[in-house]
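A.B. asks: First the structure, which I've put down as C-alpha coordinates, then a few questions once you've had a look.
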There are 2 protein chains.
Amino acid sequence: MNISIIGTGNLAFHFSEIFMSTSDINLIEIFGRKKTLPKEFNNSINYCNCLTKLKEADFYIICISDDYIKKISKKIITKRNNIVLHCSGSTKMDVLSDHLSHGVFYPIQTFSKEKKISFKKIPIAIESNSIKSLKKIKKLGLLLSEKVFLASSDQRLAIHVSAVFANNFTNYMRIIADEILKSNNIDSDILNPLSLETTDKLKYLSSKKAQTGPAIRNDIKTIKKHLHLLKSTNHFKIYEIISKEITKLNNEL
Amino acid sequence: MNISIIGTGNLAFHFSEIFMSTSDINLIEIFGRKKTLPKEFNNSINYCNCLTKLKEADFYIICISDDYIKKISKKIITKRNNIVLHCSGSTKMDVLSDHLSHGVFYPIQTFSKEKKISFKKIPIAIESNSIKSLKKIKKLGLLLSEKVFLASSDQRLAIHVSAVFANNFTNYMRIIADEILKSNNIDSDILNPLSLETTDKLKYLSSKKAQTGPAIRNDIKTIKKHLHLLKSTNHFKIYEIISKEITKLNNEL
(Lines give C-alpha, C1' and ligand atoms only; values in the text may rest on other atoms or scores of the structure.)
Protein backbone atom coordinates (compact mmCIF):
# COMPACT_ATOMS: atom_id res chain seq x y z
CA MET A 1 0.00 0.00 0.00
CA ASN A 2 1.37 3.39 -1.03
CA ILE A 3 0.51 6.10 1.46
CA SER A 4 0.91 9.86 1.52
CA ILE A 5 0.55 11.71 4.81
CA ILE A 6 -0.83 15.25 4.65
CA GLY A 7 0.40 17.18 7.69
CA THR A 8 3.36 17.27 10.07
CA GLY A 9 1.67 17.39 13.50
CA ASN A 10 1.62 14.83 16.33
CA LEU A 11 -0.59 12.29 14.58
CA ALA A 12 1.30 12.66 11.27
CA PHE A 13 4.51 11.99 13.17
CA HIS A 14 3.20 8.82 14.85
CA PHE A 15 1.71 7.56 11.58
CA SER A 16 5.05 8.14 9.84
CA GLU A 17 6.82 6.06 12.52
CA ILE A 18 4.42 3.11 12.37
CA PHE A 19 4.14 3.20 8.56
CA MET A 20 7.94 3.13 8.23
CA SER A 21 8.09 0.03 10.42
CA THR A 22 5.20 -1.87 8.79
CA SER A 23 6.37 -4.12 5.97
CA ASP A 24 3.20 -4.00 3.84
CA ILE A 25 3.07 -0.21 3.92
CA ASN A 26 5.11 2.11 1.75
CA LEU A 27 5.15 5.69 3.02
CA ILE A 28 5.82 7.48 -0.24
CA GLU A 29 5.57 11.11 0.84
CA ILE A 30 4.67 13.64 3.50
CA PHE A 31 3.13 16.98 2.64
CA GLY A 32 3.62 20.04 4.85
CA ARG A 33 3.45 23.81 4.51
CA LYS A 34 7.01 24.40 5.75
CA LYS A 35 10.02 24.44 3.41
CA THR A 36 11.50 21.25 4.83
CA LEU A 37 10.33 18.24 6.84
CA PRO A 38 10.46 19.01 10.59
CA LYS A 39 13.59 17.45 12.08
CA GLU A 40 11.82 15.02 14.45
CA PHE A 41 10.69 13.03 11.39
CA ASN A 42 12.91 10.37 9.83
CA ASN A 43 14.88 12.33 7.24
CA SER A 44 14.74 9.56 4.65
CA ILE A 45 11.05 10.32 4.00
CA ASN A 46 10.19 12.21 0.78
CA TYR A 47 8.81 15.62 1.56
CA CYS A 48 6.65 17.89 -0.60
CA ASN A 49 5.19 21.31 0.11
CA CYS A 50 3.09 21.66 -3.01
CA LEU A 51 -0.25 19.79 -2.92
CA THR A 52 -0.73 19.70 -6.67
CA LYS A 53 2.63 17.96 -7.09
CA LEU A 54 1.82 14.99 -4.81
CA LYS A 55 2.64 11.54 -6.19
CA GLU A 56 -0.24 9.15 -6.81
CA ALA A 57 -1.00 7.08 -3.69
CA ASP A 58 -3.48 4.42 -2.57
CA PHE A 59 -4.25 6.51 0.51
CA TYR A 60 -3.90 10.20 1.27
CA ILE A 61 -4.19 10.46 5.03
CA ILE A 62 -5.04 13.99 6.12
CA CYS A 63 -3.72 14.74 9.62
CA ILE A 64 -4.30 18.47 9.99
CA SER A 65 -6.54 20.79 12.02
CA ASP A 66 -10.25 20.18 11.44
CA ASP A 67 -10.73 23.70 10.05
CA TYR A 68 -8.45 23.07 7.09
CA ILE A 69 -9.44 19.51 6.12
CA LYS A 70 -12.03 20.55 3.52
CA LYS A 71 -9.91 23.27 1.92
CA ILE A 72 -6.70 21.27 1.78
CA SER A 73 -8.36 18.05 0.61
CA LYS A 74 -9.89 19.82 -2.39
CA LYS A 75 -6.41 20.51 -3.76
CA ILE A 76 -5.44 16.84 -3.88
CA ILE A 77 -5.84 15.39 -7.37
CA THR A 78 -7.32 11.85 -7.22
CA LYS A 79 -8.77 9.06 -9.37
CA ARG A 80 -11.28 6.42 -8.25
CA ASN A 81 -8.55 4.19 -6.83
CA ASN A 82 -7.01 6.87 -4.62
CA ILE A 83 -8.74 7.04 -1.24
CA VAL A 84 -8.66 10.30 0.70
CA LEU A 85 -9.02 9.87 4.47
CA HIS A 86 -9.24 12.29 7.35
CA CYS A 87 -8.51 11.37 10.98
CA SER A 88 -10.75 13.78 12.82
CA GLY A 89 -13.21 12.76 15.52
CA SER A 90 -15.56 15.70 15.05
CA THR A 91 -15.53 16.23 11.29
CA LYS A 92 -18.14 14.59 9.08
CA MET A 93 -16.92 12.28 6.35
CA ASP A 94 -18.69 14.23 3.61
CA VAL A 95 -16.26 17.18 3.77
CA LEU A 96 -14.21 14.89 1.50
CA SER A 97 -17.03 14.23 -0.98
CA ASP A 98 -15.21 15.95 -3.85
CA HIS A 99 -13.19 12.74 -4.08
CA LEU A 100 -14.77 9.64 -5.61
CA SER A 101 -13.28 7.42 -2.87
CA HIS A 102 -13.04 8.85 0.62
CA GLY A 103 -13.42 7.93 4.25
CA VAL A 104 -12.33 8.33 7.85
CA PHE A 105 -9.52 6.72 9.83
CA TYR A 106 -9.82 7.84 13.47
CA PRO A 107 -7.47 6.32 16.06
CA ILE A 108 -8.85 6.70 19.59
CA GLN A 109 -5.70 7.78 21.38
CA THR A 110 -3.77 10.85 22.55
CA PHE A 111 -0.53 11.56 20.71
CA SER A 112 2.45 13.68 21.75
CA LYS A 113 5.69 13.73 19.79
CA GLU A 114 7.68 13.24 23.00
CA LYS A 115 6.01 9.91 23.86
CA LYS A 116 6.38 6.65 21.90
CA ILE A 117 3.24 4.62 21.44
CA SER A 118 2.24 1.15 20.26
CA PHE A 119 -0.65 1.08 17.77
CA LYS A 120 -1.53 -2.57 18.38
CA LYS A 121 -4.21 -1.92 21.02
CA ILE A 122 -5.47 1.43 19.71
CA PRO A 123 -9.08 1.17 18.48
CA ILE A 124 -9.49 2.71 15.02
CA ALA A 125 -12.93 3.93 13.96
CA ILE A 126 -13.40 3.78 10.18
CA GLU A 127 -16.03 4.98 7.74
CA SER A 128 -16.23 5.18 3.95
CA ASN A 129 -18.49 6.25 1.09
CA SER A 130 -18.20 2.83 -0.60
CA ILE A 131 -17.99 -0.78 0.50
CA LYS A 132 -14.97 -1.33 -1.73
CA SER A 133 -13.02 1.50 -0.13
CA LEU A 134 -14.19 0.47 3.34
CA LYS A 135 -12.62 -2.96 2.80
CA LYS A 136 -9.33 -1.36 1.81
CA ILE A 137 -9.43 1.01 4.79
CA LYS A 138 -10.14 -1.90 7.13
CA LYS A 139 -7.19 -3.82 5.68
CA LEU A 140 -4.95 -0.81 6.29
CA GLY A 141 -6.27 -0.46 9.86
CA LEU A 142 -5.64 -4.12 10.66
CA LEU A 143 -1.99 -3.73 9.64
CA LEU A 144 -1.64 -1.32 12.58
CA SER A 145 -4.18 -2.42 15.20
CA GLU A 146 -6.17 -5.41 16.45
CA LYS A 147 -9.29 -3.30 16.87
CA VAL A 148 -10.75 -1.70 13.75
CA PHE A 149 -14.47 -0.94 13.76
CA LEU A 150 -17.09 0.87 11.74
CA ALA A 151 -18.56 4.08 13.19
CA SER A 152 -20.86 6.62 11.57
CA SER A 153 -19.94 10.32 11.64
CA ASP A 154 -22.46 10.83 14.47
CA GLN A 155 -21.03 7.96 16.50
CA ARG A 156 -17.53 9.27 15.90
CA LEU A 157 -18.52 12.66 17.28
CA ALA A 158 -19.82 10.92 20.41
CA ILE A 159 -16.55 8.97 20.69
CA HIS A 160 -14.60 12.20 20.40
CA VAL A 161 -16.65 13.91 23.13
CA SER A 162 -16.18 10.88 25.38
CA ALA A 163 -12.44 10.94 24.66
CA VAL A 164 -12.32 14.59 25.69
CA PHE A 165 -13.68 13.55 29.09
CA ALA A 166 -11.52 10.40 29.39
CA ASN A 167 -8.31 12.13 28.35
CA ASN A 168 -8.33 15.95 28.11
CA PHE A 169 -10.48 16.61 31.16
CA THR A 170 -8.88 13.78 33.14
CA ASN A 171 -5.47 15.31 32.46
CA TYR A 172 -6.80 18.69 33.52
CA MET A 173 -7.93 17.18 36.84
CA ARG A 174 -4.31 16.18 37.37
CA ILE A 175 -3.11 19.69 36.42
CA ILE A 176 -5.37 21.08 39.16
CA ALA A 177 -4.14 18.44 41.63
CA ASP A 178 -0.52 19.29 40.84
CA GLU A 179 -1.21 23.00 41.31
CA ILE A 180 -2.79 22.45 44.71
CA LEU A 181 0.19 20.39 45.86
CA LYS A 182 2.70 22.87 44.48
CA SER A 183 1.10 25.76 46.34
CA ASN A 184 1.40 23.68 49.52
CA ASN A 185 5.05 22.76 48.95
CA ILE A 186 4.37 19.09 48.30
CA ASP A 187 6.02 17.10 45.50
CA SER A 188 3.32 16.21 42.96
CA ASP A 189 4.94 12.82 42.25
CA ILE A 190 3.19 11.50 45.36
CA LEU A 191 0.01 11.31 43.24
CA ASN A 192 1.48 9.00 40.59
CA PRO A 193 0.55 5.68 42.27
CA LEU A 194 -2.99 7.02 42.79
CA SER A 195 -3.30 8.13 39.16
CA LEU A 196 -2.06 4.73 37.95
CA GLU A 197 -4.44 2.83 40.24
CA THR A 198 -7.36 5.03 39.15
CA THR A 199 -7.01 3.70 35.60
CA ASP A 200 -5.88 0.20 36.53
CA LYS A 201 -9.06 -0.31 38.56
CA LEU A 202 -11.11 0.00 35.38
CA LYS A 203 -9.75 -3.39 34.25
CA TYR A 204 -11.60 -4.97 37.17
CA LEU A 205 -14.49 -2.66 37.99
CA SER A 206 -16.90 -0.50 35.99
CA SER A 207 -16.29 3.24 36.37
CA LYS A 208 -19.50 3.52 38.42
CA LYS A 209 -18.38 0.79 40.83
CA ALA A 210 -14.92 2.34 41.07
CA GLN A 211 -16.24 5.71 42.26
CA THR A 212 -15.04 6.58 45.78
CA GLY A 213 -14.55 9.80 47.74
CA PRO A 214 -16.52 12.37 49.72
CA ALA A 215 -19.11 13.18 47.02
CA ILE A 216 -20.28 9.61 46.40
CA ARG A 217 -20.48 9.13 50.20
CA ASN A 218 -22.45 12.38 50.48
CA ASP A 219 -19.85 13.49 53.05
CA ILE A 220 -20.85 17.14 53.21
CA LYS A 221 -18.45 18.06 56.02
CA THR A 222 -15.41 16.98 54.03
CA ILE A 223 -16.71 18.65 50.87
CA LYS A 224 -17.07 21.91 52.82
CA LYS A 225 -13.50 21.65 54.14
CA HIS A 226 -12.24 21.13 50.61
CA LEU A 227 -14.27 24.02 49.19
CA HIS A 228 -12.94 26.23 51.97
CA LEU A 229 -9.36 25.39 50.97
CA LEU A 230 -10.17 26.17 47.32
CA LYS A 231 -12.27 29.25 47.93
CA SER A 232 -9.93 31.83 46.39
CA THR A 233 -9.01 29.70 43.35
CA ASN A 234 -10.54 28.94 39.94
CA HIS A 235 -10.88 25.33 41.06
CA PHE A 236 -13.69 26.07 43.53
CA LYS A 237 -16.43 26.05 40.87
CA ILE A 238 -15.13 22.86 39.25
CA TYR A 239 -14.96 21.07 42.60
CA GLU A 240 -18.47 22.22 43.44
CA ILE A 241 -20.17 21.27 40.20
CA ILE A 242 -18.51 17.85 39.84
CA SER A 243 -19.22 16.97 43.47
CA LYS A 244 -22.84 17.95 42.98
CA GLU A 245 -23.14 15.63 39.98
CA ILE A 246 -21.43 12.72 41.78
CA THR A 247 -23.76 13.20 44.73
CA LYS A 248 -26.74 12.84 42.35
CA LEU A 249 -25.24 9.53 41.20
CA ASN A 250 -25.21 8.41 44.84
CA ASN A 251 -28.91 9.18 45.12
CA GLU A 252 -29.62 7.15 41.97
CA LEU A 253 -27.95 4.00 43.37
CA MET B 1 4.56 -4.53 66.59
CA ASN B 2 1.10 -5.34 67.92
CA ILE B 3 -1.63 -3.62 65.98
CA SER B 4 -5.38 -3.25 66.41
CA ILE B 5 -7.50 -2.07 63.50
CA ILE B 6 -10.61 -0.08 64.36
CA GLY B 7 -13.14 -0.46 61.53
CA THR B 8 -14.12 -2.95 58.83
CA GLY B 9 -14.30 -0.80 55.70
CA ASN B 10 -12.15 -0.82 52.55
CA LEU B 11 -9.01 0.57 54.16
CA ALA B 12 -9.36 -1.67 57.23
CA PHE B 13 -9.62 -4.64 54.90
CA HIS B 14 -6.48 -3.73 52.92
CA PHE B 15 -4.54 -3.02 56.12
CA SER B 16 -5.58 -6.40 57.52
CA GLU B 17 -4.27 -8.13 54.39
CA ILE B 18 -0.89 -6.39 54.38
CA PHE B 19 -0.46 -6.67 58.17
CA MET B 20 -1.15 -10.41 58.03
CA SER B 21 1.55 -10.83 55.40
CA THR B 22 4.21 -8.64 57.06
CA SER B 23 6.47 -10.62 59.37
CA ASP B 24 7.29 -7.84 61.84
CA ILE B 25 3.64 -6.96 62.35
CA ASN B 26 1.21 -8.80 64.59
CA LEU B 27 -2.42 -7.97 63.85
CA ILE B 28 -3.90 -8.76 67.23
CA GLU B 29 -7.48 -7.64 66.73
CA ILE B 30 -10.08 -5.90 64.61
CA PHE B 31 -12.90 -3.87 66.11
CA GLY B 32 -16.23 -3.44 64.33
CA ARG B 33 -19.80 -2.58 65.24
CA LYS B 34 -21.27 -5.73 63.68
CA LYS B 35 -21.68 -8.98 65.62
CA THR B 36 -19.06 -10.82 63.60
CA LEU B 37 -16.14 -9.99 61.34
CA PRO B 38 -17.38 -9.44 57.75
CA LYS B 39 -16.70 -12.54 55.68
CA GLU B 40 -14.27 -10.95 53.19
CA PHE B 41 -11.71 -10.70 56.05
CA ASN B 42 -9.42 -13.60 56.94
CA ASN B 43 -11.43 -15.51 59.54
CA SER B 44 -8.40 -16.29 61.69
CA ILE B 45 -8.28 -12.64 62.87
CA ASN B 46 -9.52 -11.93 66.41
CA TYR B 47 -12.63 -9.80 66.32
CA CYS B 48 -14.11 -7.57 69.01
CA ASN B 49 -17.24 -5.40 69.00
CA CYS B 50 -16.74 -3.75 72.38
CA LEU B 51 -14.24 -0.86 72.42
CA THR B 52 -13.58 -0.96 76.15
CA LYS B 53 -12.56 -4.62 75.91
CA LEU B 54 -9.80 -4.08 73.33
CA LYS B 55 -6.46 -5.74 74.05
CA GLU B 56 -3.47 -3.50 74.65
CA ALA B 57 -1.66 -2.70 71.37
CA ASP B 58 1.32 -0.65 70.18
CA PHE B 59 -0.91 0.96 67.54
CA TYR B 60 -4.66 1.42 67.31
CA ILE B 61 -5.31 2.32 63.67
CA ILE B 62 -8.68 3.98 63.23
CA CYS B 63 -10.12 3.36 59.75
CA ILE B 64 -13.65 4.70 60.01
CA SER B 65 -15.69 7.61 58.63
CA ASP B 66 -14.24 11.02 59.54
CA ASP B 67 -17.37 11.97 61.48
CA TYR B 68 -16.87 9.19 64.02
CA ILE B 69 -13.11 9.33 64.57
CA LYS B 70 -13.24 11.66 67.59
CA LYS B 71 -16.15 9.92 69.29
CA ILE B 72 -14.86 6.37 68.77
CA SER B 73 -11.26 7.19 69.64
CA LYS B 74 -12.28 8.58 73.05
CA LYS B 75 -13.52 5.14 74.05
CA ILE B 76 -10.16 3.46 73.51
CA ILE B 77 -8.23 3.07 76.78
CA THR B 78 -4.53 3.83 76.30
CA LYS B 79 -1.25 4.38 78.14
CA ARG B 80 1.72 6.48 76.93
CA ASN B 81 3.13 3.58 74.93
CA ASN B 82 -0.05 2.94 72.96
CA ILE B 83 -0.27 5.14 69.86
CA VAL B 84 -3.68 5.99 68.43
CA LEU B 85 -3.66 6.79 64.72
CA HIS B 86 -6.30 7.91 62.27
CA CYS B 87 -6.01 7.56 58.50
CA SER B 88 -8.09 10.46 57.33
CA GLY B 89 -6.91 13.04 54.80
CA SER B 90 -9.19 15.82 55.96
CA THR B 91 -9.25 15.34 59.75
CA LYS B 92 -6.84 17.25 61.97
CA MET B 93 -4.54 15.21 64.17
CA ASP B 94 -5.72 16.91 67.36
CA VAL B 95 -9.11 15.15 67.33
CA LEU B 96 -7.07 12.38 68.98
CA SER B 97 -5.53 14.63 71.64
CA ASP B 98 -7.24 12.77 74.51
CA HIS B 99 -4.52 10.16 74.02
CA LEU B 100 -0.97 10.86 75.25
CA SER B 101 0.50 9.39 72.06
CA HIS B 102 -1.33 9.93 68.83
CA GLY B 103 -0.79 10.67 65.17
CA VAL B 104 -1.87 10.20 61.58
CA PHE B 105 -1.14 7.47 59.05
CA TYR B 106 -2.59 8.50 55.69
CA PRO B 107 -1.95 6.29 52.63
CA ILE B 108 -2.46 8.23 49.39
CA GLN B 109 -4.38 5.64 47.42
CA THR B 110 -7.91 4.54 46.48
CA PHE B 111 -9.06 1.26 48.02
CA SER B 112 -11.86 -1.06 46.94
CA LYS B 113 -12.36 -4.47 48.50
CA GLU B 114 -12.72 -6.02 45.02
CA LYS B 115 -9.24 -4.93 43.89
CA LYS B 116 -5.92 -6.21 45.28
CA ILE B 117 -3.23 -3.63 45.83
CA SER B 118 0.49 -3.50 46.60
CA PHE B 119 1.48 -1.08 49.38
CA LYS B 120 5.12 -0.85 48.35
CA LYS B 121 4.75 2.25 46.16
CA ILE B 122 1.94 3.94 48.09
CA PRO B 123 3.10 7.23 49.68
CA ILE B 124 2.11 7.40 53.36
CA ALA B 125 1.79 10.83 54.99
CA ILE B 126 2.48 10.70 58.74
CA GLU B 127 2.18 13.14 61.63
CA SER B 128 2.49 12.81 65.40
CA ASN B 129 2.27 14.81 68.63
CA SER B 130 5.74 13.62 69.73
CA ILE B 131 9.08 12.87 68.11
CA LYS B 132 9.24 9.51 69.86
CA SER B 133 5.88 8.40 68.46
CA LEU B 134 6.72 9.84 65.05
CA LYS B 135 9.76 7.58 64.87
CA LYS B 136 7.64 4.54 65.70
CA ILE B 137 5.00 5.54 63.14
CA LYS B 138 7.68 6.00 60.50
CA LYS B 139 9.08 2.56 61.30
CA LEU B 140 5.63 1.06 60.88
CA GLY B 141 5.14 2.94 57.59
CA LEU B 142 8.46 1.72 56.18
CA LEU B 143 7.43 -1.89 56.82
CA LEU B 144 4.67 -1.34 54.25
CA SER B 145 5.93 1.29 51.82
CA GLU B 146 9.11 2.81 50.37
CA LYS B 147 7.67 6.32 50.62
CA VAL B 148 6.82 7.59 54.11
CA PHE B 149 6.85 11.36 54.64
CA LEU B 150 5.91 13.95 57.21
CA ALA B 151 2.94 16.21 56.44
CA SER B 152 1.15 18.70 58.67
CA SER B 153 -2.63 18.53 59.04
CA ASP B 154 -2.95 21.49 56.63
CA GLN B 155 -0.70 19.84 54.06
CA ARG B 156 -2.64 16.60 54.42
CA LEU B 157 -5.89 18.42 53.68
CA ALA B 158 -4.30 19.82 50.51
CA ILE B 159 -3.15 16.31 49.57
CA HIS B 160 -6.66 14.99 50.10
CA VAL B 161 -8.20 17.71 47.92
CA SER B 162 -5.63 16.99 45.20
CA ALA B 163 -6.40 13.26 45.48
CA VAL B 164 -10.09 14.01 44.98
CA PHE B 165 -9.19 15.64 41.65
CA ALA B 166 -6.65 12.97 40.65
CA ASN B 167 -8.88 10.04 41.55
CA ASN B 168 -12.55 10.76 42.34
CA PHE B 169 -13.09 13.44 39.70
CA THR B 170 -10.93 11.63 37.15
CA ASN B 171 -13.04 8.51 37.64
CA TYR B 172 -16.19 10.62 37.25
CA MET B 173 -14.86 11.91 33.90
CA ARG B 174 -14.74 8.28 32.81
CA ILE B 175 -18.28 7.66 34.11
CA ILE B 176 -19.46 10.53 31.89
CA ALA B 177 -17.46 9.19 28.93
CA ASP B 178 -18.96 5.71 29.40
CA GLU B 179 -22.47 7.18 29.56
CA ILE B 180 -22.00 9.13 26.32
CA LEU B 181 -20.77 5.99 24.54
CA LYS B 182 -23.55 3.82 25.95
CA SER B 183 -26.23 6.22 24.75
CA ASN B 184 -24.66 5.99 21.27
CA ASN B 185 -24.48 2.18 21.27
CA ILE B 186 -20.69 2.04 21.46
CA ASP B 187 -18.78 -0.35 23.69
CA SER B 188 -17.04 1.71 26.40
CA ASP B 189 -14.01 -0.64 26.39
CA ILE B 190 -12.74 1.27 23.36
CA LEU B 191 -11.62 4.00 25.79
CA ASN B 192 -9.37 1.73 27.88
CA PRO B 193 -6.17 2.24 25.85
CA LEU B 194 -6.77 6.01 25.96
CA SER B 195 -7.34 5.99 29.72
CA LEU B 196 -4.17 3.95 30.27
CA GLU B 197 -2.11 6.23 28.03
CA THR B 198 -3.48 9.33 29.77
CA THR B 199 -1.83 8.22 33.01
CA ASP B 200 1.20 6.57 31.45
CA LYS B 201 2.13 9.86 29.76
CA LEU B 202 2.64 11.42 33.18
CA LYS B 203 5.77 9.28 33.62
CA TYR B 204 7.37 11.21 30.74
CA LEU B 205 5.62 14.58 30.64
CA SER B 206 4.28 17.05 33.21
CA SER B 207 0.48 17.24 33.31
CA LYS B 208 0.65 20.71 31.71
CA LYS B 209 2.76 19.45 28.81
CA ALA B 210 0.49 16.42 28.41
CA GLN B 211 -2.63 18.53 27.89
CA THR B 212 -4.17 18.03 24.43
CA GLY B 213 -7.63 18.48 22.91
CA PRO B 214 -9.91 21.20 21.57
CA ALA B 215 -9.83 23.47 24.64
CA ILE B 216 -6.03 23.83 24.88
CA ARG B 217 -6.00 24.49 21.11
CA ASN B 218 -8.76 27.07 21.53
CA ASP B 219 -10.69 25.14 18.88
CA ILE B 220 -14.04 26.86 19.36
CA LYS B 221 -15.79 25.13 16.44
CA THR B 222 -15.14 21.66 17.89
CA ILE B 223 -16.10 22.78 21.39
CA LYS B 224 -19.41 24.06 19.99
CA LYS B 225 -20.08 20.74 18.21
CA HIS B 226 -19.42 18.89 21.48
CA LEU B 227 -21.62 21.21 23.53
CA HIS B 228 -24.38 20.77 20.96
CA LEU B 229 -24.21 16.98 21.38
CA LEU B 230 -24.36 17.38 25.18
CA LYS B 231 -26.98 20.09 25.28
CA SER B 232 -29.80 18.12 26.89
CA THR B 233 -27.57 16.37 29.46
CA ASN B 234 -26.07 17.20 32.89
CA HIS B 235 -22.64 16.97 31.30
CA PHE B 236 -23.08 20.21 29.31
CA LYS B 237 -22.14 22.46 32.24
CA ILE B 238 -19.13 20.35 33.23
CA TYR B 239 -17.84 20.31 29.65
CA GLU B 240 -18.32 24.08 29.41
CA ILE B 241 -16.62 25.07 32.67
CA ILE B 242 -13.63 22.74 32.32
CA SER B 243 -13.06 23.79 28.71
CA LYS B 244 -13.18 27.43 29.77
CA GLU B 245 -10.50 26.82 32.41
CA ILE B 246 -8.26 24.86 30.01
CA THR B 247 -8.59 27.65 27.45
CA LYS B 248 -7.31 30.11 30.09
CA LEU B 249 -4.29 27.85 30.55
CA ASN B 250 -3.66 28.12 26.81
CA ASN B 251 -3.64 31.92 27.06
CA GLU B 252 -1.12 31.72 29.93
CA LEU B 253 1.39 29.74 27.89
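A.B. asks: If a residue counts only when it is β-branched (Val, Ile, Thr), which helices (runs of 4 or more DSSP H) contained entirely in the range A:104-220 have at least 3 such residues?
C.D. replies: Qualifying helices (runs of 4 or more DSSP H): A:170-182.
A.B. asks: Moving on. Out of the residues in the range B:1-54 that are surrounded by 14 or more Cβ atoms within 10 Å (Cβ to Cβ) and acidic (Asp, Glu), state the one that is nearest to residue B:110 (Cα to Cα).
C.D. replies: B:17
A.B. asks: Then there's this: When the range B:121-176 is examined, which residues are found to be basic (Lys, Arg) and crowded, with 22+ Cβ neighbours inside 10 Å?
C.D. replies: Within the range B:121-176, B:156, B:174 qualify.
A.B. asks: Further, regarding this structure: If you go through the range A:35-65, how many residues are under 23 Å from residue A:115 (Cα atoms) and of a type in the set (Lys, Arg)?
C.D. replies: Residues meeting the conditions: 1.
A.B. asks: Would it be correct to say that residue A:94 is more than 30 Å from residue B:191 (Cα to Cα), at pLDDT 95 or above, out of contact with any Asp or Glu (no Cβ under 7 Å at 6 or more places or on another chain) and surrounded by fewer than 15 Cβ atoms within 10 Å (Cβ to Cβ)?
C.D. replies: no
A.B. asks: Find the residue count for the range B:95-111, including only residues that are within 15 Å of residue B:61 (Cα to Cα) and touching a residue at least 40 places away in the same chain (Cβ under 8 Å).
C.D. replies: Final tally of qualifying residues: 4.
A.B. asks: Counting just the residues of the range A:64-86 that are of a type in the set (Ser, Thr, Tyr) and not in a loop (DSSP other than H, G, I, E, B), which one comes out surrounded by the fewest Cβ atoms within 10 Å (Cβ to Cβ)?
C.D. replies: Looking at the filtered set, the residue picked out is A:68.
A.B. asks: Same structure again: Taking into account only those residues within the range B:221-242 that are assigned to a helix (DSSP H, G or I) and more than 8 Å from every other protein chain (Cβ to nearest Cβ), which is nearest to residue A:248 (Cα to Cα)?
C.D. replies: Result: B:236.
A.B. asks: OK, next. How many residues, within the range B:87-101, are assigned to a loop (DSSP other than H, G, I, E, B) and either under 21 Å from residue B:15 (Cβ atoms) or in contact with a Cys (Cβ under 6 Å, 6 or more places away or on another chain) (or both)? Spell out the reasoning first.
C.D. replies: From the range B:87-101, those assigned to a loop (DSSP other than H, G, I, E, B) are B:87-92, B:97-100; that's our starting set.
Imposing the further condition that a residue be either under 21 Å from residue B:15 (Cβ atoms) or in contact with a Cys (Cβ under 6 Å, 6 or more places away or on another chain) (or both) reduces the set to B:87-91, B:99.
Count: 6.
A.B. asks: Inspect all residues belonging to the range B:158-171 and state whether any of them is in contact with a Gly (Cβ under 7 Å, 6 or more places away or on another chain), free of Cβ contacts under 8 Å to residues at least 12 places away in the same chain, at the interface with chain A (Cβ under 7 Å from one of its Cβ atoms) and of a type in the set (A, V, I, L, M).
C.D. replies: yes
A.B. asks: Then there's this: For residue A:218, which of the numbered conditions (1) over 23 Å from residue B:213 (Cβ atoms); (2) more than 7 Å from chain B (Cβ to nearest Cβ); (3) polar (S, T, N, Q); (4) out of contact with any helix residue (DSSP H, G or I) (no Cβ under 6 Å at 6 or more places or on another chain) fails to hold?
C.D. replies: Checking residue A:218 against (1) over 23 Å from residue B:213 (Cβ atoms); (2) more than 7 Å from chain B (Cβ to nearest Cβ); (3) polar (S, T, N, Q); (4) out of contact with any helix residue (DSSP H, G or I) (no Cβ under 6 Å at 6 or more places or on another chain), the one that fails is (4).
A.B. asks: Just a yes or no: is a residue in the range A:89-107 within 20 Å of residue A:27 (Cα to Cα) and basic (Lys, Arg)?
C.D. replies: no
A.B. asks: How about the range A:183-201: which of its residues are acidic (Asp, Glu) and either within 7 Å of another protein chain (Cβ to nearest Cβ) or under 19 Å from residue B:114 (Cβ atoms) (or both)?
C.D. replies: A:197, A:200
The values are calculated or read from the model by the stated rules, or taken from the named source; none is laboratory data. Keep in mind it's a predicted model, so treat the numbers as computed, not measured. All Cβ positions, even for glycine, are placed from backbone atoms using ideal geometry, and neighbour counts span all protein chains on display.
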